[in-house]
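Colleague: Below you will find the structure I want to go over with you.
The values are calculated or read from the model by the stated rules, or taken from the named source; none is laboratory data. Values in this document were obtained by computation on a predicted structure and should not be read as measured data. Cβ sites come from the backbone with ideal geometry, for glycine too, and all protein chains shown count toward neighbours.
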Amino acid sequence: MTDQTVSFNLEKTYNHHEVEDRWRSAHWEALGSFHAESSQVLNNGKAPYTVLMPPPNVTGSLTLGHVLNHTLQDIFIRYNRMTGHEALWLPGTDHAGIATQTVVEKKLKKEGITRHDLGRKEFLDHVWQWRDEYGGLILKQLRRLGISCDWRRNLFTMDDRASKAVINAFITLYRDGLIYRGTRIINWCPVSQTALSDEEVIMKTRKDQLVYVQYALVNHPGRYITIATVRPETILADVAIAVNPRDPRYHDLVGELAVVPVAGRHIPVIADDYVDIDFGTGALKITPAHDANDYEVAKRHNLQAISVVGKDGKMTDTFGYGGMDRFDARKKILKDLEELGNLVRVEEYEHNVGYSERADVVVEPYLSEQWFVKMAPLAERALEVVNDGDIRFHPPHWINTYRHWMENIRDWCISRQLWWGHRIPAWYDTEGKVWVAATYEEACHLAGTDKLLQDDDVLDTWFSSWLWPLTTLGWTDQHTDNDDLNAFYPTNTLVTGPDIIFFWVARMIMAGLYFKGEVPFRDVYFTSIIRDMKGFKLSKSLGNSPDPIKVMDTYGTDALRFTIIYIAPLGQDVLFGEEKCELGRNFATKIWNASRLVFMQREKYFGNHEEFAAVYQNFDPRSGGFDLAGQWLLAGFYDMLNRYHAAFSQFKVHDIVRILYDFFWGDYCAWYLEALKVQLSGDVTRDEAQKAVCLAVYVLEGILKTLHPVMPFITDEIWHQILQRPSEESIALSPMPYSDPEYSDIDVSGFTLIQKLVAEVRSLRSLFGVPHNSEAEILLWPGNNADGLVFEANLPLIAALGQCIPKVMADGERPRHAAGSVVEGNELFVLLEGLISFDKERARLQKEINNISSYVAAVQKKLANKGFADNAHPDVIAKEREKLREAEDNLSKLNSNLTVLND
RNA sequence: GGACGAUUAGCUCAGUUGGUUAGAGCGCUACAUUGACACUGUAGAGGUCAGAAGUUCGAAUCUUCUAUCGUCCA
């Protein structure tokens, strides 16, 4: 073998390490292959296609969830890039307020330092340092996946541009009266020591004790009123006991005073509709500082709130509980109540309790002054655009969830008592008056004084995320007018998990409409949730979360990408096990090996690359002159392309990989390449052979292109070897193939008949135990002339695929000593003299005859049914008649076989 | 408590508006090793479509109820 021929072919075994390293995004990136330019849209009339990467947390590392999510986005982007769009994928990372601050605080804690030791400025320096050092990990890992972002545009939510947008958005909403400051019961995380939004609270079912406590009545010695509570430690903060005004049990007690146990305070018994008559005793303790509903009740009755639980989740210094953890205090007060004789009884009680999303501790309802966004005015249009289909959800059933949230929306608490984040642009003068402005100087100007103190709090991380479609395109305020925004907004497809539909999707829609007057995206694709093989959610603490980098090392990145899409149906949970990646790896190997075969044939019929290039570049599949298998392949290829593009337009990504897998493995490899071998080993001219090879390469190239969005590495590698393409080129920038409408009604029934015939021959061979290395003699008795001609013309094909010696029968004499069968009205006989057991064939035939007979009976009954004849669609009836005719034909032929056998 | 989704072969899943003798992959069984590929090929076994009732000439598919699981919201 010369060097020339070696380079003409692929290595014997596929090495994903080598191939993926070669095309790794560094190469694609170095060439700027994935850069998108607004001028292409604005000046050259190219259609834009924009995808917004959900910015991963800087603290994050790659999970399978990311793999699925980003592979999907990459598939959409690569597909649209290849279908002629100016495809822009906007990457970035999220500063993740609580998560990042926690990570850095933990690190400092190991050195014995708290953030308060450092002070705000120095602590933030530490965070930035940490971010520069470790924050890039997730992006590095994402690059390993081969995703095709425009990395020049990488944005961090704390970058100047993004920060400017956040501040301006705040000021705008404040001036429009949609941001306000107020004292409310909010969700407080005692670990992170910050307020949380309702969405950051996870409800979990847990068992607690429902404690029944009796309160003495001041004016009725010896009489008590009994309440039930799961939070006895907050008894110390009770300001009233409430009953339902329609509850006859307590009519006479309304207006009386009761004594708070332990605390000794006198509180009124009040009547309020809020109280559920059927719950507990029907009497409810009112603790406005520690329960949102109680707070509302207290407001209605002009009662002051008393607080007994502090920011750290410990009791404040009251009645000897000061400094105790709230859960310890709960145990202690239970004992104290028992000693005082106020404890009536204790029941087991299952209920839902809010936990902090980040710290996973029970959230404390906490009365404090916070900043809020009025959501109702924003929700109105956001709901409309989804209802009207301006934004489409895939799958659509998520609209219900979205609608329900929008219709019951509550104001958004956006202030966080953290240091890491966008500081709230509000200043207070010495009188406590608030001045909202972009800078201290502006605030001074507004206030008319320079004695101003800035609000200590920062904004919820999602307050920057909701502007993401705008900020990534350079938006900083409502007057921004730039080319990127004009070319690429609104973006097209958002791929995200349904778990952040409220956090992010809904709020982006609101922000887009409010600040830009236009929806931020058109389609939202909600991904599946990945679980392990037992159905458990993947989590680090369970240890069931495979490291995607390791999976890529073992099976290959293409294999992981392919597999995860193959097993992830739209909007359903996915059970993932690492070993499932064998599917993708095997597929990649198959592509490699099939390409090797094709290239070997190419080498055989073309002297060198130049000769092949000259012929191939002028190859026109319309020129015709293909054999039966070639025509069938081309028709199948075009049909595949139609289904492929349709699946994309319907967001059925899951179908896409199945369409490709089935066509490539099931049609191209299993049938076409086998037929090609037969054709080329036969009596062909060099011209015919070259034509056949060109067709094989042509369809292979089409498969590589259609597969490229899913498996970018191996497809680029092989694509380069089709025509010695320079490495600066990429399949990623080549045009996607479409079907040829001229080919839509080519008759390929000849080849499908041969397929069925071959399958039947193989089945009979196997059934009668014909050894694989021996060829069986086959007699074919055509049911009609046309089929007979097909058989005559394709005897070598039938011989090779069925491993047999086929002959077309000259007369209509049924052979003896044969196993017979019927294929589309044609009979075939496998001559098995010496091999066949007559009893076996008789039994087989009888079984088959019984099968068909009962089927015939069923169809006859159906056709005879008057209801069916009257109601069924004529097409359906015709179809049934045809099925019956075929079955009856089969039946009579098999019966004849049986008769011959019995002679 | 409410809303949504799921339940089809041992496992994981397809199955477009009701009309197939219900499909695929993995796994299993048997056979095949010099010709692209054992990360393979060929053949085979395996299902009362969760259960019940209903609509219909006809239901995996539509309706109702029940059961189990999951998600979201109270």
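Colleague: How about segment A:329-352: which of its residues are among the β-branched types (Val, Ile, Thr) and out of contact with any strand residue (DSSP E or B) (no Cβ under 6 Å at 6 or more places or on another chain)?
Modeller: Listed by number, the list holds a single entry, A:ILE333.
Colleague: Run down A:PRO726, A:PRO709 and say which single residue is buried (at least 20 other Cβ atoms within 10 Å of the Cβ), away from RNA strand B (no atom under 16 Å from the Cβ) and not in a helix (DSSP H, G or I).
Modeller: Numbers: A:PRO726 fails: buried (at least 20 other Cβ atoms within 10 Å of the Cβ).
Criteria check complete, one pass: A:PRO709.
Colleague: I would also like to ask the following. Which one of the conditions (1) modelled with pLDDT of 90 or more; (2) of a type outside the set (A, V, I, L, M); (3) within 26 Å of A:ALA506 (Cβ to Cβ) does A:ASP477 fail to meet, given that it meets all the rest?
Modeller: (1)
Colleague: Quick one: count up the residues across segment A:769-780 that are more than 10 Å from RNA strand B (Cβ to nearest atom) and either of a type outside the set (S, T, N, Q) or buried (at least 17 other Cβ atoms within 10 Å of the Cβ) (or both).
Modeller: Residues of segment A:769-780 that are more than 10 Å from RNA strand B (Cβ to nearest atom), as a first pass: A:774-780.
From the residues that got through so far, the ones that are either of a type outside the set (S, T, N, Q) or buried (at least 17 other Cβ atoms within 10 Å of the Cβ) (or both) too are A:775-780.
Number satisfying all stated conditions: 6.
Colleague: Which one of the conditions (1) surrounded by fewer than 17 Cβ atoms within 10 Å (Cβ to Cβ); (2) more than 16 Å from RNA strand B (Cβ to nearest atom); (3) of a type outside the set (A, V, I, L, M) does A:THR472 fail to meet, given that it meets all the rest?
Modeller: (1)
Colleague: I need a count of the residues in segment A:413-425 that are farther than 24 Å from A:ASP125 by Cβ and at pLDDT 90 or above.
Modeller: Count: 1.
Colleague: Kindly indicate whether A:ILE241 is at pLDDT 85 or above, in contact with a strand residue (DSSP E or B) (Cβ under 6 Å, 6 or more places away or on another chain) and within 16 Å of RNA strand B (Cβ to nearest atom).
Modeller: Criteria not met by A:ILE241.
Colleague: Does A:ALA594 fit the bill of being under 22 Å from A:VAL684 (Cβ atoms), near RNA strand B (Cβ under 8 Å from one of its atoms) and surrounded by 19 or more Cβ atoms within 10 Å (Cβ to Cβ)?
Modeller: Spelling it out, A:ALA594 is indeed under 22 Å from A:VAL684 (Cβ atoms), near RNA strand B (Cβ under 8 Å from one of its atoms) and surrounded by 19 or more Cβ atoms within 10 Å (Cβ to Cβ).
Colleague: Listed residues A:GLY571, A:GLY535, A:GLY577, A:GLY543; which is modelled with pLDDT under 90, surrounded by fewer than 17 Cβ atoms within 10 Å (Cβ to Cβ) and in contact with a strand residue (DSSP E or B) (Cβ under 7 Å, 6 or more places away or on another chain)?
Modeller: Exactly one of A:GLY571, A:GLY535, A:GLY577, A:GLY543 is modelled with pLDDT under 90, surrounded by fewer than 17 Cβ atoms within 10 Å (Cβ to Cβ) and in contact with a strand residue (DSSP E or B) (Cβ under 7 Å, 6 or more places away or on another chain), namely A:GLY535.
Colleague: Let me ask something additional. Considering only segment A:11-42, state which residues are within 16 Å of RNA strand B (Cβ to nearest atom) and of a type in the set (A, V, I, L, M, F, W, C).
Modeller: Result: A:VAL19, single match.
Colleague: Restricting attention to segment A:426-446, report how many residues are in contact (Cβ under 8 Å) with a residue 24 or more places away in the chain and either in contact with a strand residue (DSSP E or B) (Cβ under 6 Å, 6 or more places away or on another chain) or exposed (fewer than 15 other Cβ atoms within 10 Å of the Cβ) (or both).
Modeller: Residues that pass the stated criteria total 6.
Colleague: Residues to consider are A:PHE123, A:PHE156; find the one that is among the aromatic types (Phe, Trp, Tyr) and in contact with a Gly (Cβ under 7 Å, 6 or more places away or on another chain).
Modeller: Going through A:PHE123, A:PHE156 in turn, just one is among the aromatic types (Phe, Trp, Tyr) and in contact with a Gly (Cβ under 7 Å, 6 or more places away or on another chain): A:PHE156.
Colleague: Looking at A:THR100, is it β-branched (Val, Ile, Thr) and either more than 30 Å from A:HIS66 (Cα to Cα) or without any contact (Cβ under 8 Å) to a residue 40 or more places away in the chain (or both)?
Modeller: Here the answer is no, as A:THR100 does not meet what is asked.
Colleague: Given the conditions (1) more than 12 Å from RNA strand B (Cβ to nearest atom); (2) modelled with pLDDT of 90 or more; (3) of a type in the set (A, V, I, L, M), report the number of the one that A:ALA675 does not fulfil.
Modeller: That leaves (1) as the condition not met.
Colleague: A further question follows. Only residues that are under 28 Å from the mean Cα position of the chain (by Cα) and either more than 10 Å from A:ILE202 (Cβ to Cβ) or surrounded by fewer than 20 Cβ atoms within 10 Å (Cβ to Cβ) (or both): list them for segment A:351-374, please. Full working, then the answer.
Modeller: Pass one, segment A:351-374, residues under 28 Å from the mean Cα position of the chain (by Cα): A:354-360.
Scanning segment A:351-374 gives A:GLY354, A:TYR355, A:GLU357, A:ARG358, A:ALA359, A:ASP360.
Colleague: When A:LYS840 is evaluated against the numbered criteria (1) within 18 Å of A:PHE768 (Cα to Cα); (2) free of Cβ contacts under 8 Å to residues at least 60 places away in the same chain; (3) more than 13 Å from RNA strand B (Cβ to nearest atom), which criterion, by number, is the only one it fails?
Modeller: Of everything listed in (1) within 18 Å of A:PHE768 (Cα to Cα); (2) free of Cβ contacts under 8 Å to residues at least 60 places away in the same chain; (3) more than 13 Å from RNA strand B (Cβ to nearest atom), A:LYS840 misses just condition (2).
Colleague: OK, next. For segment A:787-803, check the following and say yes or no: at least one residue is polar (S, T, N, Q), surrounded by fewer than 19 Cβ atoms within 10 Å (Cβ to Cβ) and within 13 Å of RNA strand B (Cβ to nearest atom). So that I can check it myself, show each step before the final result.
Modeller: Of segment A:787-803, the ones polar (S, T, N, Q) are A:794, A:803.
In the following step, the residues that additionally are surrounded by fewer than 19 Cβ atoms within 10 Å (Cβ to Cβ) were identified as A:803.
Within this subset, residues satisfying the condition of being within 13 Å of RNA strand B (Cβ to nearest atom) are A:803.
Within segment A:787-803 (the criterion being polar (S, T, N, Q), surrounded by fewer than 19 Cβ atoms within 10 Å (Cβ to Cβ) and within 13 Å of RNA strand B (Cβ to nearest atom)), the answer is yes, since at least one residue qualifies.
Colleague: How many residues does segment A:744-794 contain that are over 27 Å from A:GLU833 (Cα atoms) and without any contact (Cβ under 8 Å) to a residue 12 or more places away in the chain?
Modeller: The number of residues fulfilling the criteria is 6.
Colleague: Hey, another quick one. Based on what the data block shows, is A:ALA857 assigned by TED's automatic domain parsing to the domain that holds A:LEU845, of a type in the set (A, V, I, L, M, F, W, C), loosely packed, with under 15 Cβ neighbours inside 10 Å and within 29 Å of A:ALA819 (Cα to Cα)? Let's see the steps before the verdict.
Modeller: Working: assigned by TED's automatic domain parsing to the domain that holds A:LEU845: yes; of a type in the set (A, V, I, L, M, F, W, C): yes; loosely packed, with under 15 Cβ neighbours inside 10 Å: yes; within 29 Å of A:ALA819 (Cα to Cα): yes.
Yes: the conditions hold for A:ALA857.
Colleague: Under 7 Å between Cβ atoms, which residue pairs at least 6 apart in sequence (or on different chains) link something in segment A:279-301 that is buried (at least 21 other Cβ atoms within 10 Å of the Cβ) with a partner that is hydroxyl-bearing (Ser, Thr, Tyr) and in a helix (DSSP H, G or I)?
Modeller: A:ALA283/A:TYR250; A:THR287/A:THR234; A:PRO288/A:TYR295; A:HIS290/A:THR234
Colleague: Provide a single number: the residues in segment A:714-768 that are aliphatic (A, V, I, L, M) and within 28 Å of A:ILE75 (Cα to Cα).
Modeller: 8
Colleague: Then there's this: Considering each of A:VAL259, A:VAL309, A:VAL275, A:VAL243 in turn, give the residue that is over 25 Å from A:GLU364 (Cα atoms) and not small (Gly, Ala, Ser). Don't jump to the end; show me each part of the working.
Modeller: Working: A:VAL309 fails: over 25 Å from A:GLU364 (Cα atoms); A:VAL275 fails: over 25 Å from A:GLU364 (Cα atoms); A:VAL243 fails: over 25 Å from A:GLU364 (Cα atoms).
None of the others qualify; the one that does is A:VAL259.
Colleague: Oh, and also: Does at least one position in segment A:826-836 carry a residue that is of a type outside the set (Lys, Arg), at pLDDT 85 or above and out of contact with any strand residue (DSSP E or B) (no Cβ under 7 Å at 6 or more places or on another chain)?
Modeller: Scanning segment A:826-836 turns up no residue that is of a type outside the set (Lys, Arg), at pLDDT 85 or above and out of contact with any strand residue (DSSP E or B) (no Cβ under 7 Å at 6 or more places or on another chain).
Colleague: Turning to a different aspect of this structure: What tally of residues in segment A:845-861 results from selecting those that are more than 9 Å from RNA strand B (Cβ to nearest atom), without any contact (Cβ under 8 Å) to a residue 40 or more places away in the chain and among the aliphatic types (A, V, I, L, M)?
Modeller: Matching residues across segment A:845-861 total 1.
One line per residue, one yes/no per condition, for (1) farther than 24 Å from A:TRP781 by Cα; (2) among the small types (Gly, Ala, Ser); (3) touching a strand residue (DSSP E or B) at 6+ places or on another chain (Cβ under 9 Å); (4) free of Cβ contacts under 8 Å to residues at least 24 places away in the same chain:
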| position | (1), (2), (3), (4) |
| --- | --- |
| A:LEU863 | yes, no, no, yes |
| A:GLY867 | yes, yes, no, yes |
| A:ARG881 | yes, no, no, yes |
| A:SER896 | no, yes, yes, no |
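Colleague: Inside segment A:190-200, can you point out the residues that are within 14 Å of RNA strand B (Cβ to nearest atom) and either surrounded by fewer than 19 Cβ atoms within 10 Å (Cβ to Cβ) or at pLDDT 85 or above (or both)?
Modeller: A:ASP198 - this is the single residue of segment A:190-200 that is within 14 Å of RNA strand B (Cβ to nearest atom) and either surrounded by fewer than 19 Cβ atoms within 10 Å (Cβ to Cβ) or at pLDDT 85 or above (or both).
Colleague: Let me ask something else about it. Take segment A:30-39 and flag every residue that is in contact with a Pro (Cβ under 9 Å, 6 or more places away or on another chain) and over 20 Å from A:ILE731 (Cα atoms).
Modeller: Scanning segment A:30-39 gives a single hit, A:SER38.
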